[in-house]
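Worksheet for the structure shown next.
Here, each number is a calculation from the coordinates, and none is a lab measurement. What you are looking at is a predicted structure, and each value in this text was computed from that prediction instead of being measured. Cβ: placed from backbone, ideal geometry, glycine included. Neighbour counts: every protein chain shown.
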Amino acid sequence: MFKVCYTKIMSSTLLALYLSACVPAVEDGTIPSGTPMPPSAESSPPPAPAPLTDPAQSVGFLESEVETIRFLTRSSWGGSQSDIDALMNSEAEDWIEAEMSKTPTFTLPAVLELPRDENGDANSGYQASALYWDHIVNSDDELRQRMAFALSQVFVFSDNADKRRQVRRAYYQDILIRNAFGNYRDLIEEITYSPAMATWLTYWQNRKGDPRTGRMPDENYAREILQLFSIGVVELNMDGTARLDDRGHQIETYTNDDVVGLAKVFTGMTGKGETFWRADEDADYHPLVIWNSHHSLLEKTFLGTTIPPGTSGEESIDIALDTIFEHPNVAPFIARQLIQRFTKSNPSPDYVERVATAFEEGTFIAPNGTVFGSTGRGDLAATLAAVLLDECLFDEEFSTLEFSTTGKIREPVLRFMHWVKAFDVQNIDAENEHRLRTTFDPVTGLGQQPFRSPSVFNFYRPGYIAPGTRSGEMGLTTPELQIVNDSSAIGYFNFMTDFAFDSGAQLDIENRTYVADYSDELQLVDDIPALVDHLDILLTSGRMPEDERASIVNVLNTLPVNTSTLEREDTDRLQIVQTAVALVLNSPSFAVAW
Amino acid sequence: MAFVSRRHFLSGAGALSFTAGIGALSSMTAGKSWAANVSGYKALVCVCLKGGMDQADTILPFDQSSYNELARVREELFEAYDSTSVSSSRNRNNLLKLNPVNPDQVGGRELAMPRELSALHTMFEDGDLALLGNVGPLIEPTSRAQLESNTAILPARLFSHNDQRSTWMAFGVEGERRGWGGLFADAVLASSPSADPAFVSVSATSNDVFLSGDVATPFRVSSNGAARPDLVNQGKYLGFDPADDEARALIREHLAQTEFNHRNIFAQDIQTSAGRAIEASDRLLLARENQEPFATEFGSDNFGQQLKSVAETIKIQSYLNAPRQIFYVSSGGFDTHDNQAGTLGDRHSEIANAIAAFKAAMTEIGQWDNTVVFTMSDFGRTLIGNGDGTDHGWGGHQFIVGGQVNGKRLYGDFPAAEPGSRFYTPSRGRLIPTTAVEQYAASLGRWFGLTNAELAAALPNLGNFDHSDLGFLG
């Protein structure tokens, strides 16, 4: 083990967060002191908040550019210099409160206006996909939209297999948007009654069993709602770790018999219409209806609950969802995944427990005393606030760590959105952008497309541990690495390069869309180190390592500036900025938020 | 930048550059017997059929009474196929009868494939394809009686997609980090210290655990082989000044770095894999240069293109310094809870045609005798349907195809459609496997060159089963 000494000299507009220090390097993989460690079995409840006399004392006070952009990166889609300037010297809680009070923006109206073919499909989907991008770029309710994106990765619906997919998708997405700061119980009910979910997990027109033919109800939704949307496969402690029985084994939460029993509940459901088999034109964006003639009236037993024979569909579903919701697994199961979508790919059990507690109690008291949550157990506003305002994120020691084994690997959609926000990208019309029509391909796209994961298991698994890596060796969960491979790494770089250089193929080349504003950056071209420092704040939250920085500076210093004409000079100066941006967008310190 | 072993890095040596192989590999494999036979090229191609392929709608009974029995048990599904109509693919007259060399394997019964699998039927009749019946995850042999008396020792989380797929690939529920394909690749690497570890295991699809070993990390090929960073390779971003050329070269060097000192473990992991991607992709593309395309045409569907990428990689195998290779491809859409009659046929023809094209391409380059393609799937499906579809099962039937396969033969069991029989779980007629994945894997691994000791290490429960060689190869 050897020591690394270095100083960081920051420009005068920044508070000096980094100290001149000699600290031990950690090539040997040991965890340095100061890293949040998993707790012992007992963890004390959070202390009651002390009355504040000075807001700057609150741990959620964003007192520097770096702290501010880190907060925005974790909580929102990122931000521009002016976003940072506006938010700095205020409290994180205030931003969250303001975001939660904003009017929600929905996606269905615009999708309904798209021209349709004779099947009612919105033009094979790419126009609606383009609308998706424009919607999240333009929407002012950024936290709500980011929460909906997070929820879409837990309560997965993919428009892949579905004929009337875009309208169903938009209606489904709006369910997530509407309930983002609401209650889990309402969310899971609206999801259950959505045509999108019914067609995706095949309970649309699922019928009760028929003793004569032997037919039994489709088990798909019954299994996946348990496995993926509520309780998972093994019993959990509040901290997200698996409970163990006397012999040290994990305890399965449900058996195949539970699935068979629950399957009877989701029978008789179809789109609104005159008959069970014929749905109305607009059924795709209305809740499902239940035909009790096709609903199983047998006794239904699952998870220790028995629904008596003769119980109607609506009542059976109500009881089933209540039963599922009551399970103690829901809080940690949802909490851990929400943390993964926002702040940490491998959260500590301690952190999971605090967030799960907020879910269970339905409220969260922020560091500055603000209370979040009003709908009781399962309140998502409280849960999300607990995720974003947890003490571990603002820990002074943590923010100056010399080596971290924590943080969040940002999925490609988040990385692209950060570029959009950082440079105040204008002329938003994704339909004009060839690359945004579909983004699921790892070589030509981002390797990820919202609402188009390959299966109900999302793009990656919450428990994924990457083979052949340092983090894998330590057993850290890194879901987002599951879609990183030789093809995607280069594909992502090419995708982002096209946008950084505004050179992507466009339908209307006269009217360039998704254009970045590099005016701040252009002013720094004569001082390359300052340019890179600036991008290090804007994009990598001050985390860029020295050797990478030096390499980028070296590249930029090599680029020529031809001053023979003003036009040539401007082009060359712009290329320097674009190259710098492309390289920083490719930095692993941009990929990881910590 | 040559391969840096993960273990070597963690032992504190930091970023050392050294030529691929000798120093690092020998330190990693010290004490292990380098016994796998790697003389002469061989390729294993694993085809994962995602979702759980319905065995009873893939291999159907052909003799009249068995056919009638299935049609009765599957009344609603056969109705969905309109099976009594003259043109229906499930009309008995349209089934393709199999004529195995060993018909006694199924007693007096006869089996057939639906016409969508005609390309595979042809390969069966030509002796290139073997069928393995009722194979699936087991801890030890078990029975219906044991299930009913709650004395069976079973794999965890049966009927769960991700967990069963993981169990097929790595003998444990989701979260396992090494698959037996990766361990097979490790054995190859252990026997050939000068091989290029980057290309011994190759995936044309997602990062599933099958190809992850202790040493081997799969390379991900794409449809043109590999990607290149456009900023380096295309003129349109920067100019054409000599300084621009110099910048492009520096950018290439920058991108290929594997060890910038990010102060975060995840960032370091990303740096290493991204840098490796640049280097390995360039090596692959170099090996592909000046190659003539195959005369064989592959389908434009995703699965066809995956097998095309595999074929192209095998074609350049001698330039890749990989003495034997193991590949992974996948095809989705087999989770037919719904509209099975409307979707399974398309999935079948897609895989059959792609495998037939693959055979043709391998024959073009004289590698068909050195290649074995084999399928796996999450599970089979319920004999008793849900109306127009079926639900999650357990045991299923798989295909093994290759020049050296003892084809035109049936291996394992193909139980009749009697959900009350001992072959099925009490609920909904899910097959209880009578051959274990380990036995299947061992038969493939042995052909691939692994010794018994290496097989035992890669397949820990192998000893719980009789017959570690099912006989479809060699």
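May I ask which residue of A:Thr305, A:Asn346, A:Val330 lies farthest towards the positive end of the charge dipole of the range A:305-428, with charges of +1 (Lys, Arg) and -1 (Asp, Glu) on Cβ and the Cα centre as origin? Positive-end residue among those listed: A:Asn346. Residues B:His467, A:His286, A:His135, B:His348 in ascending order of nearby Cβ atoms (within 10 Å, fewest first): B:His467, A:His286, A:His135, B:His348.
Note on B:Asp282 and B:Ile153: the extension gain reaches 41.6 nm, defined as 0.36 nm multiplied by sequence separation minus the Cα-Cα distance.
Across the range B:56-183, Cα-Cα distances exceeding 17 Å account for 69% of all pairs.
Would you please give the FRET efficiency between B:Tyr41 and A:Glu391, computed as 1/(1 + (r/R0)^6) with r the Cβ-Cβ distance and R0 = 56 Å, to the nearest 0.05?
So, using R0 = 56 Å, E works out to roughly 0.45.
Contact order, relative form, for the range A:149-259: 18 percent (alpha carbon pairs under 8 Å, 6 or more residues apart, mean separation divided by residue count).
As a test of understanding, state the convex hull volume per residue of the range B:145-254 from its alpha carbons, in Å³. Intermediate values should be presented prior to the final figure.
On the way: hull volume 17.4 nm³, N = 110.
Value for the range B:145-254: 159 Å³ per residue.
Would you report the distance distribution of C-alpha pairs in chain A as whole percents per 20 angstrom bin, up to the bin with the largest distance? Over chain A, the share of Cα pairs per 20 Å bin runs 19, 52, 26, 4, 0 percent. The charge dipole of the range A:450-541, taken about the Cα centre with unit charges on the Cβ atoms of Lys, Arg (+1) and Asp, Glu (-1), comes to about 800 debye, rounded to the nearest 20.
Once the Cβ-Cβ distance of A:Ala530 and B:Asp245 is raised to the sixth power relative to R0 = 22 Å, the FRET efficiency obtained is 0.25. Using 12 Å as the cut-off for backbone N distance, which residues of the range A:304-322 belong to the label zone defined by a point 7 Å from the Cα of A:Asn292 along Cα→Cβ? Zone members listed by number: A:310-316.
Averaged over the residues of B:215-224, the number of partner chain Cβ atoms lying within 10 Å of the residue Cβ comes to 4. Here chain A is treated with +1 on each Lys and Arg Cβ and -1 on each Asp and Glu Cβ, and its dipole about the Cα centre works out to around 1720 debye. Within 10 Å of the Cβ of each residue in A:208-217, the mean number of Cβ atoms contributed by other protein chains is 5.
Computed from the Kirkwood radius of its Cα pairs, the Stokes-Einstein diffusion coefficient for the range A:269-391 at 37 °C and 0.692 mPa s stands at 192 µm²/s.
Say R0 is 45 Å: what FRET efficiency, to the nearest 0.05, do A:Asn89 and A:Asp322 get from their beta-carbon distance?
0.45
Helices meeting the span-like rule in chain B (full DSSP H runs, Cα extent of at least 24 Å along the helix axis, mean Kyte-Doolittle score of -1.0 or higher): B:265-288, B:340-364. Counting, for every residue in B:382-388, the Cβ atoms of other protein chains within 10 Å of its Cβ and taking the mean gives 6. In this simple spin-label model, placing a label point 7 Å from the Cα along the Cα-to-Cβ direction at both B:Glu79 and A:Glu299 gives a separation of 2.9 nm.
Taking the Cα centre of the range B:65-181 as the origin, how large is its charge dipole in debye, to the nearest 20, when only Lys and Arg (+1) and Asp and Glu (-1) carry charge on their Cβ atoms? Intermediate results must be reported in sequence, preceding the final value.
Details: 12 positive and 16 negative charges, 27 e Å.
Its charge dipole is roughly 120 debye.
The modelled label-to-label distance for the pair B:Ile139/A:Ile428, using points 7 Å beyond Cα in the direction of Cβ, is 5.4 nm. Hey, quick one: spin label on A:Asp140, modelled 7 Å out along Cα-Cβ, who in the range A:104-118 has an amide N within reach, i.e. under 12 Å? Hits in the range A:104-118 for A:Asp140 at 12 Å: A:104-105.
Expressed as a fraction of 2.2 N^0.38 Å, the value expected for a compact globular protein of N residues, the C-alpha radius of gyration of the range B:272-388 is 1.31. The slack between A:Glu281 and A:Val553, meaning 0.36 nm per residue of separation minus the straight C-alpha distance, is 92.0 nm. Which distance in Å, rounded to a whole number, links the C-alpha centroids of the range A:452-494 and the range B:163-190? With the range A:452-494 and the range B:163-190 each reduced to a Cα centre, they are spaced 17 Å.
Listed here are the pairs B:Lys42/B:Lys359; B:Lys97/B:Lys308; A:Lys102/A:Lys421; which of them are more than 22 Å apart at the Cα? Please report the intermediate quantities before stating the final value.
Numbers: B:Lys42/B:Lys359 14 Å; B:Lys97/B:Lys308 29 Å; A:Lys102/A:Lys421 19 Å.
Table pairs above 22 Å Cα-Cα are B:Lys97/B:Lys308.
For the range A:138-178, the residues whose backbone nitrogen is under 11 Å from a point 7 Å from the Cα of A:Leu112, taken along Cα to Cβ, are A:171. Stokes-Einstein, applied to the Kirkwood radius of the range A:451-582 over Cα pairs at a viscosity of 1.306 mPa s and 10 °C, places its translational diffusion at 90 µm² s⁻¹. What does the net charge come to around A:Lys272 if you take all other residues with beta carbon closer than 12 Å to its beta carbon, with K and R at +1 and D and E at -1? After counting each charged neighbour, the total is -4. Our compactness index for the range A:379-515, the C-alpha radius of gyration over the empirical 2.2 N^0.38 Å, is 1.24. Taken along the Cα-to-beta-carbon direction at a fixed 7 Å, the label points for B:Glu292 and A:Val371 span 8.0 nm.
Dimensions of the range B:54-121 from C-alpha coordinates, computed as largest minus smallest value along each principal axis and given longest first, are 33, 25, 21 Å.
Largest first, the three principal axis extents of the alpha carbons in the protein assembly as shown are 88, 68, 63 Å in whole numbers. Scaling against 2.2 N^0.38 Å puts the C-alpha radius of gyration of chain B at 1.04. The count of lysine pairs in the range A:257-408 that are at least 8 places apart or cross chains, and whose C-alpha atoms lie under 27 Å apart, stands at 4. Counted over the protein assembly as shown, the DSSP beta bridges are approximately 55% antiparallel. Please report, ordered by residue number, every helix of chain A (full DSSP H runs) that is 27 Å or longer along its axis going by C-alpha atoms and whose mean Kyte-Doolittle hydropathy reaches -0.5. Span-like helices, by this rule, are A:566-585.
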